[in-house]
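A short write-up of the structure that comes next.
The values are calculated or read from the model by the stated rules, or taken from the named source; none is laboratory data. Nothing here was measured: the structure is a model prediction, and the numbers come from that model. Note that each Cβ is placed from the backbone with ideal geometry, even for glycine, and that neighbours are counted across all protein chains shown. Accessible surface is based on the protein model in full, side chains and every heavy atom, while ligands, DNA and RNA are left aside. Shrake-Rupley method; radii C 1.70, N 1.55, O 1.52, S 1.80 Å.
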Amino acid sequence: MEVEQLDIREHLRRHPPFTFLDEDRLNQVSGSVEIAYFRAGSDIVVLGQEVADLHYIRQGSVEMFRRSGEFYNRLGEGDIFGQISLISGRPARFPVRALEDTLIYFIPGSQFRALYNELEEFADFVEVEDRTRLRQAGARSREGTEMLATRVGRLVQRSPVMMNASGTVLEAARAMTEQGVASILACADGCDPDHPQLVGIVTDSDLRGRLIAAGLPYDTPISAVMSEALITVEADDYLFSAMMAMLRHNVHHLPVMQRLRPIGVIDLADVAGHGTRNSLYLVRNIHDQPDLDGLKSLLPDVRGSFLRMVGEGATANMIGSAVAMIGRSFKQRLLELAEERLGPPPVPYCLLALGSMARDEQSMLTDQDNALILDDAFDRSQHDAYFRSLAEFLCDGLAELGYTYCKGDIMATNADLRQPLAVWKERFAGWIARPDRPALLNSSIFFDLDGVHGETRLADTLKQWIAEQASRAPAFLGCLAHNAQTRTPPLGFFRDFVLEKSGRYQDSLDLKRRGTAPMVDVIRVHALASASVAQNSFRRLDDVAAAGFLTNSMVADLRDALEFLAGTQYRHQAFNLEQGLAPDNKLNPVTLEAFDRRNLKDAFRVLSNAQRFLRMRYRVVQV
Amino acid sequence: MKEREAATSVPMLANYFRSGVPDPATPLSEVEFVALDLETTGLEPRQSGIVSVGLVPFTLRRIRVAGAGYWVVRPRRTLDEASVLIHRITHEGLAAAPRFSAVLPELLQALAGRVVVVHYRHIERPFLDQACRRWFGEGIEFPLIDTMALEGWMLRRGRTRLQRLADRLGWRRRASLRLGTCRERYHLPAYGAHHAMTDALATAELFQAQVAWHLSPDWRLEQLWL
């Protein structure tokens, strides 16, 4: 039989794992295929059936189910199933039904086993069942770093040293020396020792800087030298969050809380002893630079730090946070420099980061999205000249540092985005109470916001207020959900092409537009619905799960898919940088390994399902 | 068949007839089929020759590519330009090919005991009959299933009396019964047409789809064959 003429061979050739076969093997497999047609809705594999062949979908699509009847997976043209039964020799665990009219190629078990035994790549590919593949990809990148896997509580070595805030610094210094600690927690006088109310922390450097250098007497109460705005972490938090909290607030000691009770204190050395250090030093370095030129001289280090994290297999969540942290530090330092030049601000202000920086999900390709919240005492005619200059200094500086100006003019230099808190509330109230789909499409970036510099409580107030309002506005959520479905993922890949739902091909794929961005959109809707104040997508998912808005398995799927999509985006940008190119998000499928190709397809499937779920969950309300 | 086996003096044909055909009451699910396609230089058996033959054995459960057969043969008459274009088989390609008589034994063996399935019955049976007459001095006949006739019947069956009346009065254009178009109705993939092997495979898949949609595996052979 001359299989050369047959469509069978050409079709197999385009789909992994058959892409790994040489001509001889391909001919052999093509010539041994058996074919059957299954009408939509008919059973292809029934539970417990012996499986003698590998099943290959030539046309159509199928659904796999769990023993319980619960939906498990959907496969389409070029996908395979049945391999697990063939490898394990056990009967079918997942019944398979034709979703559309489907043409199946059966590849005899003997052929399958020969390929499995002889071709490494073939074996690697078929060994993993679809969904676990994505999870394993995530697990693989998690190896080599403990930052995400370790909980803060594990670092706590001893219970905290505490004393009343009215105690003297002498008593404090003696207690710290006796106990061999570098910090002491101050509690409100007369509070229950089992549930102490923390009011501050005193560290070695506070004693040096605020007491000795200031020439204060030893009987000064510790309340006079302590840091009051106490930053704490929860024992359940990951080490990585602790590092981020330290960097963000520029503190070295963090009380660790468990059910509102302090159980210990961790310091920078504890955290820095665990892995990814380089971004930590980089952030310190940014804060030490005297001028813009100094900041610019750090750009190679920014790139180097990014490449190292990707190379070390850091998770997308870690990379995104670290890159955002670096950007945040640049903004903070630029604003400090601006204040040195312009003098102190006439009214309190807060610089808002919007979009990816606010979510701690920044990549190496980013523009500046920022705005100013001003104190309600703001008087435009009197004060705005200052803030305009401040904003210009900031945005021009950021542009020099490689953060391109925002094309949509979402920057503090835009007078419309320098507003007092009351006006911001009014604006958000308008979006929420009278949602308008097109308008909302352009303003969704405002729903990821975070205070970066100045009076960050202004940003926190706004966040809290938005979370309360949005969760009670079904029409708004409906519009947001509708908008979150506009950017759809592609179906998957053919050999060198991206296959669109329409059946058309593209030669490259915008990972952000078609992957991470719509995923973030989906998660934002659920987060706002569950009144979460979190901005980071992974944190939002935690809140959504806690609020019971999605099942744990749905949350796990979304988390894995986002992790994989964002990770691929970072790896792609690292690849660009290593090639001496400007980083972009345009992925050419030719450069993808089969493993990643498969995972991406799975991630797209999760996204697509999530978008479909949105449609059902948030009935779109016509306004 | 028994009578033909006894009557024939050609051993090859005797073999073929000995395997016989299945009992007409056999349910489709138990029948061994073979999809057959001939590409010819024209439509008239007496004046045209066979250029290529493709076949693939199958049941309702599986089409077996491993058992497929494909032969290019040298026709008695030269190819006209139109059929060169259609079949993409050139004069040079044919010069080296065997005569049809040389592949006939293998072909008969592949058909023996099976029910032939074709798309459009007025080619394969008369051409094979004519070829046997030429080489053996006696023809063959065999029952077959015609997916084109089946499709036409299913389309008519699905129409209301009023629609059928409209059809008869010519108010409505008949749906196409070409192989590719029929396959589209069942969401079968598009193949390149006019290759005997591909068309035989396409016919087998179409028949499986027709049974899946409109009949049932319990139907008896005699309800379908012509």
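For B:S101, put the label point 7 Å out on the Cα→Cβ axis and report which residues of region B:12-38 keep their amide N under 16 Å from it.
B:12-13
Suppose each label sits 7 Å from its Cα in the direction of the beta carbon; what would the A:D192-A:F575 distance come out to in nanometres?
Going by the 7 Å Cα→Cβ label model, 5.8 nm.
For B:G49, what residues show an amide H to amide H distance below 5 Å, using hydrogens built from the backbone and excluding near sequence neighbours?
Correct list: B:T41, B:G42, B:R77.
Relative to the longest principal axis of chain A, what angle (0 to 90°, nearest 10) does the C-alpha long axis of helix A:517-529 take?
Approximately 60 degrees, to the nearest ten.
Where does each of B:191-197, B:58-64, A:551-557 land if you order them by average Cβ count within 10 Å, highest first? Please list the in-between numbers first.
Numbers: B:191-197: 18.4, B:58-64: 20.0, A:551-557: 14.9.
My ranking of the peptides, most packed first, is B:58-64, B:191-197, A:551-557.
Net charge near A:L307: determine it from the other residues with C-beta under 14 Å of the C-beta of A:L307, scoring Lys and Arg +1 and Asp and Glu -1.
0
Averaged over peptide B:203-210, how many Cβ atoms belonging to another chain are found within 10 Å of each residue's Cβ? Kindly include the intermediate steps, with their values, before the conclusion.
Values: counts 0, 2, 6, 1, 1, 6, 5, 1.
That works out to 3 on average.
Can you give the net charge of the other residues whose Cβ lies under 15 Å from the Cβ of A:D448, counting K and R as +1 and D and E as -1?
-1
Take the Cβ-Cβ distance between B:E222 and A:E127 as r, set R0 to 41 Å, and report the resulting FRET efficiency rounded to the nearest 0.05.
Once the sixth-power term is evaluated, E becomes 0.25.
Roll a 1.4 Å probe over the protein chains and send me the accessible area per residue for region A:3-127 in Å².
About 41 Å² of surface per residue is accessible.
7 Å from Cα along Cα→Cβ at both A:L260 and A:L441: what's the point-to-point distance in nm?
Result: 4.7 nm between the two label points.
Let me know the mean shielding of A:33-43 by other chains, meaning the per-residue number of their Cβ atoms within 10 Å of its Cβ.
Average neighbour count from other chains, rounded to a whole number: 6.
Partner chain Cβ atoms within 10 Å, averaged over the residues of B:61-67 - can you pull that number for me? Don't jump to the answer; show the numbers that get you there.
Values: counts 3, 7, 8, 5, 12, 6, 2.
Partner Cβ neighbours, averaged per residue: 6.
Using the structure shown, select from A:K463/A:K586; A:K463/A:K512; A:K331/A:K463; A:K512/A:K601; A:K296/A:K331 the pairs with a Cα to Cα distance greater than 22 angstrom.
A:K463/A:K586; A:K463/A:K512
Can you run phi through the Karplus equation (6.51, -1.76, 1.60; θ = phi - 60°) for region B:179-192 and list ³J(HN,Hα) in whole Hz, with x for Gly and Pro?
Residue by residue, region B:179-192 yields 3, x, 5, 4, 4, 4, 4, 9, 6, 8, x, 7, 10, x Hz.
For region A:154-272, which whole percent of the accessible surface, found with a 1.4 angstrom probe, sits on carbon and sulfur atoms?
Taking all protein chains in place, region A:154-272 shows 49 percent carbon and sulfur surface.
Quick one: if the Förster radius is 51 Å, what FRET efficiency do B:A25 and A:D22 give, using the C-beta to C-beta distance and rounding to 0.05? Provide the component values of the computation, followed by the final result.
On the way: r = 49 Å, r/R0 = 0.96.
Calculated transfer efficiency: 0.55.
Report the local net charge at A:D236: Lys and Arg +1, Asp and Glu -1, summed over other residues whose C-beta lies under 13 Å from its C-beta.
On the way: positive: A:R151, A:R154, A:R259, A:R539; negative: A:E234, A:D237, A:D542.
Result for the local shell: +1.
Hey, can you rank A:428-441, A:381-394 by average C-beta count inside 10 Å, highest first?
Output ranking for A:428-441, A:381-394: A:381-394, A:428-441.
What residues have an amide H closer than 5 Å to that of A:D237, excluding those fewer than 5 places away on the same chain, when H is modeled at 1.01 Å from N in the peptide plane?
A:V152, A:G153
Over both sides of the A-B contact, add up the buried accessible area with a 1.4 Å probe and give it to the nearest 100 Å².
2000 Å²
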